[in-house]
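What follows is one structure encoded as structure tokens, with my remarks underneath.
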Amino acid sequence: MKILHIITSLRTGGAERLLVDLLPRLQRQGHQVELLLFDGTRTPFYEQLERQGIAIHALGKGFRNMYNPLHIFQLKRFLKRPFDIVHTHNTSCQLFTTLAYQSPTHVLVTTEHNTSNRRRAWKWYRGIDRWMYGKYRHIICVSNEAKQNLAKALDDARLFQRMHVIPNGIDLQRFFEALPDNTIRNRFDAKYIIIMVGAFRKQKDQPTLIRAMQLLPDDYRLWLAGDGECRADCEELASEMGLNNRIVFLGNRSDIPSLLATTDVTVLSSHYEGMPLSAIEGMCSGKPFIASDVDGLREIAGKAALLFPHEDDRRLATLIRQVCEDDELYKQVATRCRERALQYDIKDMAERYEKIYNQCFKLKY
């Protein structure tokens, strides 16, 4: 099959990480796989896929290009190419692709990566969403909560029949075998190092974690891995709180498994999620994982991770101290988290994606 995936960019993010793991596997299974980006900025993810022989195309470069409606006309030209499956990710790609779609030879598939988004609060937009999702043969939801929330928002039985739940997965072995990088750790005068891996987007909630750091002793440090449009605001907040010497903004990184192995606790502070790969990676690392008690994270954490109330920096700081300063609790949470992560193997996810593609291909021919 000739399969095209479309996503806004290859900056840090769960959907982006998913493609880095998934596309080479599909290619090894004999499919012709290509990737189209709205923002073609080179990143570690971009270079990783490029090294594995994935053909990457870009409609532009820079954050602004991720939401540029002129892409509709570029997509019309690009989609004249003979693909069997066109698979979209993220809102602007989902919408612009359906507006550009004009070939009955392409079967459209999309993945719903989040349990919520801003446009669902706009009642006037519901008709547009129904029209858009109606263009897709299959709608893959990354969690049960993502499916339930989307079904409720659309309120359309016809579209509900097209929804499938396929949980995200990761290359577990890559994280099991990761070694700590003590040369990095030794640069910091810290007893405990906390890490959060995630794009700096409005969906994420790095500010709550930054505020929690002010409530922790001076020998606690925080590493924030990722990039995005909200990074400057977070850097300003850290500076205003006098935390510049205790918080490090790492930017986009290609060595996440090693960083997780190097630090002591992984945190994911968010306003909402679909099924974040960074949560699975954090649980897989053999370290305790702490997360916001919100849709998406609550489901993936189960009873393994420690959850704190949404935007509650005091409770978050308390949990960090408890798990770091109680050896028995530390071991218990870390063990539970790793056992939970075993349920999310990229191999299972890839097989289920391929099954969807095969169904589309059979119907087409």
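The values are calculated or read from the model by the stated rules, or taken from the named source; none is laboratory data. These numbers come from a predicted model, not from an experiment. Positions of Cβ are generated from backbone atoms using ideal geometry, with glycine treated the same way; all protein chains shown enter the neighbour counts. Surface areas here come from the heavy atoms of the whole protein model, side chains and all, with no ligands, DNA or RNA. Shrake-Rupley method; radii C 1.70, N 1.55, O 1.52, S 1.80 Å.
For residues that are surrounded by 14 or more Cβ atoms within 10 Å (Cβ to Cβ) and of a type outside the set (A, V, I, L, M, F, W, C), tally how many sit in segment 182-201.
4
Let me spell it out: the conditions are (1) out of contact with any Lys or Arg (no Cβ under 8 Å at 6 or more places or on another chain); (2) modelled with pLDDT of 95 or more; (3) open to solvent by 10 Å² or more (accessible area, probe 1.4 Å); (4) not in a helix (DSSP H, G or I), and residue 221 meets all of them except one. Which number is the exception?
(1)
Here is a check on your reading of the model: is residue 28 crowded, with 16+ Cβ neighbours inside 10 Å and of a type in the set (D, E, K, R)? Give the derivation first.
Values: crowded, with 16+ Cβ neighbours inside 10 Å: no; of a type in the set (D, E, K, R): yes.
Criteria not met by residue 28.
Mind checking which pairs have a first residue in segment 301-316 that is at negative phi and modelled with pLDDT of 95 or more and a second that is assigned to a loop (DSSP other than H, G, I, E, B) and open to solvent by 40 Å² or more (accessible area, probe 1.4 Å), Cβ under 6 Å, 6 or more apart or different chains?
Between residues of segment 301-316 that are at negative phi and modelled with pLDDT of 95 or more and residues that are assigned to a loop (DSSP other than H, G, I, E, B) and open to solvent by 40 Å² or more (accessible area, probe 1.4 Å), the close pairs are 307/293; 309/293; 315/309.
Quick one: which residue in 259, 243 is open to solvent by less than 10 Å² (accessible area, probe 1.4 Å) and part of a loop (DSSP other than H, G, I, E, B)?
Numbers: 259 fails: part of a loop (DSSP other than H, G, I, E, B).
Selected residue: 243, the only one of 259, 243 that is open to solvent by less than 10 Å² (accessible area, probe 1.4 Å) and part of a loop (DSSP other than H, G, I, E, B).
Rundown of residues vs (1) in contact (Cβ under 8 Å) with a residue 60 or more places away in the chain; (2) crowded, with 19+ Cβ neighbours inside 10 Å; (3) not in a strand (DSSP E or B), yes/no style:
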position: 6; (1), (2), (3): yes, yes, no
position: 10; (1), (2), (3): no, yes, yes
position: 15; (1), (2), (3): yes, yes, yes
position: 19; (1), (2), (3): yes, yes, yes
position: 22; (1), (2), (3): yes, yes, yes
position: 39; (1), (2), (3): no, yes, yes
position: 45; (1), (2), (3): yes, yes, yes
position: 56; (1), (2), (3): no, no, no
position: 60; (1), (2), (3): no, no, yes
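What do you reckon, is residue 290 more than 15 Å from residue 330 (Cα to Cα) and either among the charged types (D, E, K, R) or crowded, with 23+ Cβ neighbours inside 10 Å (or both)?
Values: more than 15 Å from residue 330 (Cα to Cα): no; either among the charged types (D, E, K, R) or crowded, with 23+ Cβ neighbours inside 10 Å (or both): yes.
When the stated conditions are applied, residue 290 does not pass them.
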